[in-house]
Amino acid sequence: MLALREVSLAFGGLQAVDRVDLDVDQGEIAGLIGPNGAGKTTVFNLITGIYAPDAGTITFQGQAIHGQPPHRITAMGIARTFQNIRLFGSASALENVMMARHCRTRSGSLAAIFRTRAQQQEEAETRARALELLEFVELDDVRDVRAADLPYGRQRRLEIARALATEPQLILLDEPAAGMNETESDSLVRLIRRIRDELGKTVLLIEHDMRVVMGLCDRITVLNFGRRLAHGRPEEVRRDPKVIEAYLGRE
Amino acid sequence: MARRGHAGAAPRPLETGAHAATVWLQQLINGVSLGATYSLVALGYTLVFGTLGIINMAHGEIFMFGAFFGLLLVETGLLSSVGMLAAAAGGAAVMGLLLEYIALRPLRRRQGGHLTPLISTIGVSIFLRSLALQLFGPESQSFPAALKGGSFRLGGTVVTQVDAVILTAALGLMLGLWLLLGRTKLGKAMRATAENQTTAALLGVNTEAIIALTVMLAAALGGVAGALVGLSFAVSPSMGLPYGLKGLSIIVLGGMGNVVGAMVGGLLLGFAEVVTVQLFSSSWRDMAAFALLFLLLVVKPEGLFGRAHQAGGKV
Amino acid sequence: MGDLLANLLNPYNLQLVMLIAINCLLGLSVWVPLSAGQLSLGGAGFMSVGAYTAALLTLQAGWSMPAAILAGAALAAALALLLGYPTLRLQGVYLAIATLAFGEMVRILALNLRITNGALGLAGIPQMVDEVSWYLWDHTSLGSGQGPLDPHTAGSLIILGVLYVLLAAAVYALLRQAGSRVGRALRAIQADELAARAMGIDTRYYKLLVFTQSGFLAGLAGGLYAHLYYFIGPGDFGFTRAIEMLLYVVLGGMQTLWGTLVGASALTLLPEVLRFSASYRLMIYGGVLVALMIFRPEGLISAALVDALSWRRRRPARALPPGEGAA
């Protein structure tokens, strides 16, 4: 479904991503792990079009997407959350999700000014879809609360709902369990499973919490210093001496 | 600008080349002299922006008051360029301190939106311009001819004593600022505060004091620039606005918060203006700053010497 | 009673009330891009383009006023779109200063071109009120002095009505837009441009949209302004004007469009209120600005205030329910 081939990106003299290959298959939950500064978030930024790679190709469902602007990649069916939560803070939870329905709706200013029937209908649908998604992530009780006022764990869930509102086939989650306690991260694991099983989405996630990664992922890719160090099923990766040395060995 | 050297003289054909060279040399001198005052104005903006991340819209009015402080001192009978500039610097620095305490510091405490310091300093500028109108009247006033002195010829060009004062004062101040920021402990504290206030505070820098000092220094530079401009042209309550706008253009040209960029940008604009006057006419002079700025922003948004990540803050 | 009415309806007051409507349009032209996080100070330039275009079309080309004013607004909008393109990637202070530079360039052009008559400006622009008054004079009984009003007052009231209908139409359109998919996109861009792009919003498109709308509103206001007064000159559309327009929005409160309307009205009236102290007027004005930024930085009208006053019981974004502390 998603394939990165020999993707490289440098910032000034720093080679942030160095000839990385990465594959995600339809319907799987894939993990991207590695020590801090390994280039994981940069890979996300490359996939979602925030950066264009210096070299290499990124294809999604057979189409080359590298170099495309972010909004077009989102429209093609890739959505994401951010490591440092980037909600629209002063807007309500419901509005945050409605904002993300943008690329699946059409009405422009003139339709809004003249309140065309199509526009009214689309507005109602946007709202209904957003409420459904809030229910899905169990946030329907706080739909009118400002996003910035929500507790941390719920902000993470709201970001997931917002990403789902763009109707992606592939959803990228950047450290979804960061800062969560054990109960919260357990319920997050259940939520991510439901995203795959009930909604049929493919998931690629970056995560430091090994409990989450090992329990959730079908396949794992390990990055270190911008390069792919290992990839495979969780138990294979866990036993890989290179990985233990670079990453797990420190814990 | 009236100082155009040999405007009326019709050269004989054989001398055209040499004459043209002299005209351009004259314009070079005029450009440096004009550009140096622009640099001083721009340095005031850039010091405040570098430290606080805000544009001090009252800077043009402090510049204007600097000119009046200088004029007031000379009117007491003390015909000294140095004293005049010192009065301008001192008076303007006090105004800078007041600006910091009244219009800037309370906003930092409240942490309002990003537009609040912009509006608050606009308020100060409206207040100051109207205050100047009340105090000094709307007419342009000149420094006494005795202070301005005469002029001397240098290889076919005319250099006025005013030009010499401007160049000495402006270039001297820039050198002084360069040394202050680069070589002294105080300068290090100022740069640390500009880089990151929290870190600077953790390292034991009294950041509030440093900020106040930076705003005062910026105001003093503006005040001296005002006095120099007043010396070579005239002093009036409305003189702040055009110089303020050009100062803004320059800091963008040179990269926001960049000290060297402000110096070079000011000189560059000085040249651009005299060239515009020479090639077109003096009524297009003011176009130079804005056209240059606009072109540059479109081609290279981070400024001539800016780093790419200086995005200019969020509104 | 009749005296009181005649006093209230004196030409000076009527023109002031008309000016409020025009200034509200100017304020909206700044508010629109600001609602997507874009601070543009080029409004005075667009106003100038609209005013000169409309005035030249009626003065020299003999166009009818409505057509000329619309043409001025359309040209200003087109120019805004053109200016929007190269300035798209500029952010924050850079955008503000670039647009400010554009405004100054327009002013200097107007000062130097022959067609704009340089520093002297354009005089003898036909006035909207006169046009209507003459019509009333010729075609109604008001001309013979039999009506309750003289033709000039009646004409003023009609133009006043037209201006407020235009303003109401602009407000209605912007409110509808704000409550729609487009408005959500603008708020998303204002809140976090990068996140907005990642959520599939084409930020370039929307920035150009708000720029164009802003240019149209300022150009429209310019054309109306030119035909409200007899004369326009380059000095009418300088830096001071640009700053005034920004003040309407910030003083009134930029969180909602209502703030802009209140700000524009208040700042148009304030000089009148302060006329008892003509010489200290601007000093008080400047002091009020500083004080407001210190004590009420969100402006006079905040979103919370609008929600509290709203007659439709919309459910505002509320704070957290008790017992759920934010982490």
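Nothing charged except the Cβ atoms of Lys and Arg (+1) and of Asp and Glu (-1): what's the magnitude of the dipole of the protein assembly as shown about its Cα centre? Round to the nearest 20 debye.
On the way: 71 positive and 61 negative charges, 151 e Å.
With only Lys, Arg, Asp and Glu charged at Cβ, the dipole is about 720 debye.
With each label point set 7 Å from Cα along the Cα-Cβ vector, what nm distance links A:Ala52 and C:Asn7?
7.0 nm
Quick one: helix B:207-232 against the long Cα principal axis of chain B, what's the angle to the nearest 10°, folded into 0 to 90?
Between the helix axis and the principal axis of chain B, the angle is about 20 degrees.
Starting from the exponent 0.38 and prefactor 2.2 Å, build the expected Rg for the range C:1-51 from its residue count and divide its actual Cα Rg by it. Please report the intermediate quantities before stating the final value.
Working: Rg = 16.3 Å, N = 51, 2.2 N^0.38 = 9.8 Å.
Relative to the 2.2 N^0.38 Å estimate, the range C:1-51 comes out at 1.66.
For chain B, find the longest principal axis of its Cα atoms and tell me its angle to the long axis of helix B:116-136, 0 to 90°, nearest 10.
The angle comes out near 50 degrees.
For the range A:103-163, what percent of Cα pairs sit more than 15 Å apart?
Working: 1029 of 1830 pairs.
Summing the P(r) tail past 15 Å for the range A:103-163 gives 56 percent.
Tell me, what is the FRET efficiency for A:Ala64 and A:Asp25 to the nearest 0.05, using R0 = 25 angstrom and their Cβ-Cβ distance as r?
Details: r = 18 Å, r/R0 = 0.74.
So, using R0 = 25 Å, E works out to roughly 0.85.
Mind pulling the angle between the C-alpha long axis of helix B:81-99 and the longest principal axis of chain B? Nearest 10 degrees, somewhere in 0 to 90.
Approximately 30 degrees, to the nearest 10.
Compute a Gaussian network model of chain B, connecting alpha carbons closer than 10 Å, and tell me which residue from B:Lys185, B:Lys246, B:Lys300 fluctuates the most.
Of the options given, B:Lys185 has the highest mean-square fluctuation.
Which entries of A:Lys201/C:Lys207; A:Lys40/B:Lys300; B:Lys148/B:Lys246 have Cα-Cα distances beyond 28 Å here? Walk me through the intermediate numbers first.
Numbers: A:Lys201/C:Lys207 32 Å; A:Lys40/B:Lys300 30 Å; B:Lys148/B:Lys246 25 Å.
From A:Lys201/C:Lys207; A:Lys40/B:Lys300; B:Lys148/B:Lys246, over 28 Å: A:Lys201/C:Lys207; A:Lys40/B:Lys300.
With a 10 Å cut-off between alpha carbons and a GNM built on chain B, which of B:Arg105, B:Arg183, B:Arg129 moves the most?
B:Arg183
Pick out, from C:Leu166, C:Leu289, C:Leu220, the residue whose Cα sits farthest towards the positive end of the charge dipole of the protein assembly as shown, with +1 on the Cβ of Lys and Arg and -1 on the Cβ of Asp and Glu.
Comparing the listed Cα positions along the dipole, C:Leu289 ranks first.
Could you tell me the center-to-center distance, by alpha carbons, between the range C:108-155 and the range A:112-191 in angstrom?
Cα centres, the range C:108-155 to the range A:112-191: 57 Å.
What is the mean projected area of the alpha carbon convex hull for the range C:182-295, to one decimal in square nanometres? Kindly include the intermediate steps, with their values, before the conclusion.
Details: hull surface 37.7 nm².
Averaging across all directions leaves 9.4 nm² for the Cα convex hull.
For B:Lys185, give me every one of the aspartates and glutamates with a C-alpha distance below 20 angstrom, ignoring sequence neighbours fewer than eight places off in its own chain.
B:Glu195, B:Glu208
Once the Cα gyration tensor of the range A:71-142 is diagonalised, what are the square roots of 5 times its eigenvalues, in whole Å and ordered largest first, as equivalent ellipsoid semi-axes? Intermediate values should be presented prior to the final figure.
Values: eigenvalues 104, 53, 27 Å².
For the range A:71-142, the ellipsoid semi-axes come out as 23, 16, 12 Å.
Across the range C:1-111, what fraction of all alpha-carbon pairs, as a whole percent, falls in each successive 5 Å bin from zero upward?
2, 11, 16, 19, 17, 13, 9, 7, 4, 2, 1, 0
Take every residue in peptide A:47-58, count the Cβ atoms of other chains within 10 Å of its Cβ, and give the average of those counts. Walk me through the numbers before you get to the answer.
Working: counts 0, 3, 2, 3, 0, 0, 0, 0, 0, 0, 0, 0.
Per-residue shielding by partner chains comes out at 1.
Roughly how many debye, to the nearest 20, is the charge dipole of the range A:1-102 about its Cα centre, given +1 on each Lys and Arg Cβ, -1 on each Asp and Glu Cβ, and no other charges? Display every interim value, and only then the final one.
Values: 7 positive and 8 negative charges, 65 e Å.
The dipole magnitude comes to about 320 debye.
By the scheme Lys and Arg +1, Asp and Glu -1, what is the net charge of all other residues having a beta-carbon under 10 Å from that of A:Asp25?
On the way: positive: A:Arg219; negative: A:Asp23, A:Glu28, A:Asp218.
Computed value for this residue: -2.
Only counting other Cβ atoms within 10 Å, I'd like B:Val165, C:Val262, A:Val237, C:Val162 sorted with the fewest neighbours first. Each step should come with its number before you reach the end.
Details: B:Val165 22, C:Val262 19, A:Val237 25, C:Val162 16.
Fewest-to-most ranking of B:Val165, C:Val262, A:Val237, C:Val162: C:Val162, C:Val262, B:Val165, A:Val237.
Ordered by residue, what ³J(HN,Hα) values in Hz, to whole numbers, does the range C:40-47 give under the Karplus form 6.51 cos²θ - 1.76 cosθ + 1.60, where θ = phi - 60° and Gly and Pro are x?
Karplus-based 3J(HN,Hα) across the range C:40-47 equals 10, 10, x, x, 4, x, 5, 4 Hz.
Can you give the FRET efficiency for B:Ser281 and B:Leu171, using 1/(1 + (r/R0)^6), R0 = 35 Å, r = Cβ-Cβ distance, to the nearest 0.05? Present the calculation step by step, with values, prior to reporting the outcome.
On the way: r = 30 Å, r/R0 = 0.84.
Using R0 = 35 Å, I get an efficiency of 0.75.
With N set to the number of residues, divide the alpha-carbon radius of gyration of the protein assembly as shown by 2.2 N^0.38 Å and report two decimals.
Values: Rg = 31.1 Å, N = 893, 2.2 N^0.38 = 29.1 Å.
Rounded to two decimals, the normalised Rg is 1.07.
Going toward the positive end of the dipole of chain A, with +1 on Lys and Arg Cβ and -1 on Asp and Glu Cβ, which of A:Pro241, A:Leu94, A:Phe136 do you reach last?
Selected residue: A:Leu94.
Once you compute Rg and the Kirkwood Rh from C-alpha atoms, what is the Rg to Rh ratio for chain C?
Values: Rg = 21.3 Å, Rh = 21.2 Å.
Ratio value, two decimals: 1.01.
Over the range C:1-130, what is the relative contact order in percent, taking alpha-carbon pairs closer than 8 angstrom and at least six residues apart?
26 percent
Can you tell me what share of the DSSP beta bridges in chain A is antiparallel? A percent to the nearest 5 is fine.
Values: 20 of 36 bridges.
For chain A, the DSSP antiparallel bridge percentage is about 55.
Evaluated at 20 °C with a viscosity of 1.002 mPa s, what Stokes-Einstein diffusion coefficient in µm²/s does the range B:150-204 have when Rh comes from the Kirkwood expression over alpha-carbon pairs? List each step's numbers first, then the result.
Numbers: Rh = 13.8 Å.
Rounded to a whole number, D works out at 155 µm²/s.
Which values, in whole Å and largest first, are the semi-axes of the equivalent ellipsoid of chain B obtained as the square root of 5 times each eigenvalue of the Cα gyration tensor? Mind showing how you got there, number by number?
Details: eigenvalues 229, 105, 64 Å².
Rounded to whole Å, the semi-axes are 34, 23, 18.
What is chain B's relative contact order, in percent, from Cα pairs under 8 angstrom and six or more apart in sequence?
34 percent
From the phi angles alone, apply the Karplus equation (6.51, -1.76, 1.60; θ = phi - 60°) to the range A:216-222 and give each ³J(HN,Hα) in whole Hz, x where the residue is Gly or Pro.
10, 7, 7, 9, 10, 10, 10
Please report the antiparallel percentage of DSSP beta bridges with both residues in the protein assembly as shown, rounded to the nearest 5.
The antiparallel proportion sits near 60 percent.
Report Rg(Cα)/(2.2 N^0.38 Å) for the range C:61-198, keeping two decimals. Let's see the in-between values first.
Values: Rg = 21.6 Å, N = 138, 2.2 N^0.38 = 14.3 Å.
With N residues counted in the range C:61-198, Rg over 2.2 N^0.38 Å equals 1.51.
Whole-Hz ³J(HN,Hα) for each residue in the range C:79-95, computed from phi via Karplus 6.51 cos²θ - 1.76 cosθ + 1.60 with θ = phi - 60°, x for glycine and proline: what do you get?
Going residue by residue, I get 5, 5, 4, 5, 5, x, 4, x, 8, 4, 8, 7, 10, x, 4, 4, 5 Hz, with x marking Gly and Pro.
Taking just the C-alpha trace of chain A, give me its Rg and Dmax in Å.
18.7, 65
Under 18 Å from the 7 Å Cα→Cβ point of C:Ser279, by amide nitrogen: which residues of the range B:108-152?
Those under the cut-off are B:127-140.
Report the charge-dipole magnitude of the range B:123-232 in Debye, nearest 20, computed about the Cα centre from +1 at each Lys and Arg Cβ and -1 at each Asp and Glu Cβ. Display every interim value, and only then the final one.
Values: 7 positive and 4 negative charges, 53 e Å.
Once rounded to the nearest 20, the dipole reads 260 debye.
If I build a Gaussian network model for chain B, linking alpha-carbon pairs within less than 10 angstrom, which residue out of B:Val264, B:Val158, B:Val224 has the largest mean-square fluctuation?
Of the options given, B:Val158 has the highest mean-square fluctuation.
Values in this text are rule-based calculations from the coordinates and carry no lab data. No experiment lies behind these values; they were computed from the predicted model shown. Positions of Cβ are generated from backbone atoms using ideal geometry, with glycine treated the same way; all protein chains shown enter the neighbour counts.
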